[in-house]
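Participant: Please see the structure below; I have some questions.
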Amino acid sequence: MPDKTVYVTRRIPQPGIDKLKEVFEIDHYDSDDAIPHQVLVEALKAKKYDALLCMLTDQIDAEVLDAAGPQLKIVATMSVGFEHINLQECNKRGYLVANTPGVSTDSVAELTCSLLLMTARRLPEGVDAVKNGEWGLWKPMWLCGTQLNNRVLGIYGLGRIGFNVGRRLKPFGFSKIYYTDVHEVSYAKDLDAEFTDFEGLLTKCDFICVCCNLTPQTRHMFNRDTFKKMKNTAILVNSGRGGVINHDDLVDALRSGEIQACGLDVTEPEPLPKEHPLVSMNNCVILPHMGSNTWDSRNAMACIAARNCIAGVSGQTPEGNISTNAS
Ligand code: DGY
């Protein structure tokens with residue numbers, strides 16, 4: 001009979017549950033939808049847990065952590081992103097924090113490349129045209145998009161995902177690949193990618209893929225001022241976090257032609273209301289944050305989150321330890 005307890009804030013794939021069962025008695029919020037904040041607080045007050053397995057939609061703030069109590073060992077999020085967790089408050093209480101790095105790299109990189117192609121080649125407009133009966137006889141200047149070959153690719157954030165986006169896109173024949181990150185990385189040479197400052201990325205690139213985390217430093221990095229510096233023909237793709245782009249400024253930049261088009265898998269807020277001006281713009285392709293939506297990734301994410309919970313209550317360092325990232 002397991003003597004440890006875990007609270008899971010959502011229904012998760014079965015492989016993760018099976019793993020947790022090896023060590024924990026499991027309570028979970030039995031829904032596919034996000035747990036309301038107050039319901040989570042009350043659940044954690046009502047019973048004491050050794051581990052908390054949460055999602056990126058759960059705000060793990062001081063109120064939640066107070067409710068969890070001092071016996072809690074670990075907060076394990078089933079996501080790569082961890083901006084929803086107050087790391088300082090976790091550190092203060094001595095809780096480990098862990099994410100799920102690596103296992104969604106391929107799925108997110110695949111989707112980022114798909115989104116870039118969808119946006120550059122105006123695929124959603126083509127699909128709509130067929131469905132709406134607007135497809136007439138072949139026209140020489142209809143739905144013409146932008147080719148990738150001989151253009152300049154920029155990657156904002158050359159971590160695991162950024163690198164794997166570059167690796168997949170390189171064979172399309174870009175004339176140059178630039179990247180911007182906190183510092184230069186040695187593996188950039190495998191892409192023949194050159195480090196540039198942010199200004200250089202904005203001014204030199206035809207395509208920019210945003211593949212970074214949301215931090216105070218990256219928040220609204222793409223805004224009115226930076227759009228002005230980008231090429232009018234530039235195509236921006238974001239599969240990192242919505243908050244990296246100021247969406248009001250993006251609407252203006254797309255309307256005025258300051259940049260050509262944008263593909264978003266992440267938005268601010270999420271979900272983006274269907275009345276939001278970006279939703280009805282032809283030069284903006286929006287997906288509902290589905291970068292890691294493959295069974296391979298989701299099963300693996302559930303498993304690594306479960307293993308992190310087990311490590312946390314066994315005195316081991318979890319695979320995705322981010323506890324030391326607190327500042
Ligand atoms: C993550 O893991 O942070 C992704 O955004 C979820 O797909």
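Participant: Only loop residues by DSSP count here, and only those with at most 11 other Cβ atoms within 10 Å; note down the chymotrypsin sites (Phe, Trp or Tyr not before Pro) in segment 107-198 that meet that.
Facilitator: Taking segment 107-198 and a limit of 11 other Cβ atoms within 10 Å, the loop chymotrypsin sites (Phe, Trp or Tyr not before Pro) found are Trp138.
Participant: Moving to a separate point now. Between Lys4 and residues 5 or more places away or on another chain, which pairs have amide H atoms under 5 Å apart, with H built 1.01 Å from N, and which residues are they?
Facilitator: Residues meeting the amide H criterion: Glu25.
Participant: Using Cα-Cα distances under 8 Å and only pairs 6 or more residues apart, what relative contact order does segment 126-222 have, in percent?
Facilitator: 32
Participant: Whole-Hz Karplus ³J(HN,Hα) for segment 226-232, in order, using 6.51 cos²θ - 1.76 cosθ + 1.60 and θ = phi - 60°, x for Gly and Pro?
Facilitator: So the Karplus estimates, Gly and Pro as x, are 6, 4, 4, 7, 6, 5, 5 Hz.
Participant: At a threshold of 8 angstrom on Cα-Cα distance, excluding pairs fewer than six apart, so keeping six or more, what relative contact order does the chain reach in percent?
Facilitator: Worked out over the chain, it gives 21 percent.
Participant: Sort Leu250, Leu191 so that the residue with the fewest other Cβ atoms within 10 Å of its own Cβ comes first and the one with the most comes last.
Facilitator: Leu191, Leu250
Participant: Determine the percent antiparallel among the DSSP beta bridges restricted to segment 183-321, to the nearest 5.
Facilitator: Roughly 0 percent of the beta bridges in segment 183-321 run antiparallel, per DSSP.
Participant: While we're on this one: So what are the ³J(HN,Hα) numbers for segment 4-15, from phi and the Karplus equation (6.51, -1.76, 1.60; θ = phi - 60°), rounded to whole Hz, Gly and Pro as x?
Facilitator: These are the phi-based 3J(HN,Hα) values: 9, 10, 9, 10, 10, 7, 6, 5, 10, x, 3, x Hz.
Participant: As an exercise, identify the GluC sites (Glu not before Pro) in segment 226-327 lying in DSSP coil whose Cβ has no more than 15 other Cβ atoms within 10 Å.
Facilitator: Those that pass, being in a loop and sparsely packed, are Glu275.
Participant: If you take every DSSP beta bridge fully contained in segment 105-286, what fraction is antiparallel? Give it as a percent rounded to 5.
Facilitator: Bridges in segment 105-286 are about 0 percent antiparallel.
Participant: Report, please, the projected area of the chain averaged over directions, based on the convex hull of its C-alpha atoms, in nm².
Facilitator: 18.2
Participant: Can you tell me, using C-alpha contacts under 8 Å and at least 6 residues apart, the relative contact order of segment 1-106 as a whole percent?
Facilitator: It rounds to 24 percent for segment 1-106.
Participant: If packing is taken as the mean number of other Cβ atoms within 10 Å per residue, what is the order of 43-49, 97-103, highest first?
Facilitator: Going by the mean number of other Cβ atoms within 10 Å, highest first, we get 97-103, 43-49.
Participant: Looking only at segment 67-105, which residues have a backbone nitrogen under 17 Å from a spot 7 Å from the Cα of His37 in the C-beta direction?
Facilitator: It comes to 67-68, 83-90, nothing else.
Participant: Ranking Arg298, Arg121 by Cβ neighbours within 10 Å, fewest first, what do you get?
Facilitator: Ordered by Cβ neighbours within 10 Å, fewest first: Arg121, Arg298.
Participant: For a quick protection proxy, order the peptides 79-86, 204-211, 280-287 by their average other-Cβ count within 10 Å, most packed first.
Facilitator: So the peptides 79-86, 204-211, 280-287, ranked by packing, come out 204-211, 79-86, 280-287.
Participant: Compute the length gained on full extension between Ala62 and Lys170: take 0.36 nm times their separation in residues and subtract their Cα-Cα distance, giving the result in nm to one decimal.
Facilitator: Going from the current span to full extension adds 34.5 nm.
Participant: So who's got an amide H within less than 5 Å of the one on Ile286, skipping anything under 5 residues away but keeping other chains? H placed 1.01 Å off N, in plane.
Facilitator: So Ile286 has HN proximity to Leu264.
Participant: As a test of the formula, what do you get for the chain when each DSSP H run with n ≥ 4 contributes -39,500 (n - 2.57) and the sum is divided by the residue count, at 222 nm and rounded to the nearest 500 deg cm²/dmol?
Facilitator: -10000 deg cm²/dmol
Participant: Along segment 256-263, what does the Karplus equation 6.51 cos²θ - 1.76 cosθ + 1.60 (θ = phi - 60°) give for ³J(HN,Hα), rounded to whole Hz, x for Gly and Pro?
Facilitator: Once rounded to whole Hz, the list reads 7, x, 5, 10, 7, 7, 8, x.
Participant: Work the Kirkwood hydrodynamic radius out for segment 32-178: mean of 1/r over every pair of different alpha-carbon atoms, inverted, in Å.
Facilitator: 19.1
Participant: Amide H to amide H, which residues 5 or more places from Ile155 or on other chains are under 5 Å from it, using H placed in the peptide plane?
Facilitator: Tyr178, Tyr179, Thr180, Cys209
Participant: If the viscosity is 1.002 mPa s and the temperature 20 °C, what translational diffusion coefficient in µm²/s does Stokes-Einstein give for segment 105-286 when Rh comes from Kirkwood over Cα pairs?
Facilitator: In µm²/s, the coefficient is 129.
Participant: Can you give me the orientation-averaged projected area of the convex hull built on the Cα atoms of segment 105-165, in nm²?
Facilitator: For segment 105-165, the mean projected area of the Cα convex hull comes to 5.4 nm².
Bear in mind these aren't lab numbers, they're just calculated from the coordinates by the rules spelled out. Computed from a predicted model, the values in this text were never measured in an experiment. We place every Cβ from the backbone using ideal geometry, glycine too, and count neighbours over all the protein chains shown.
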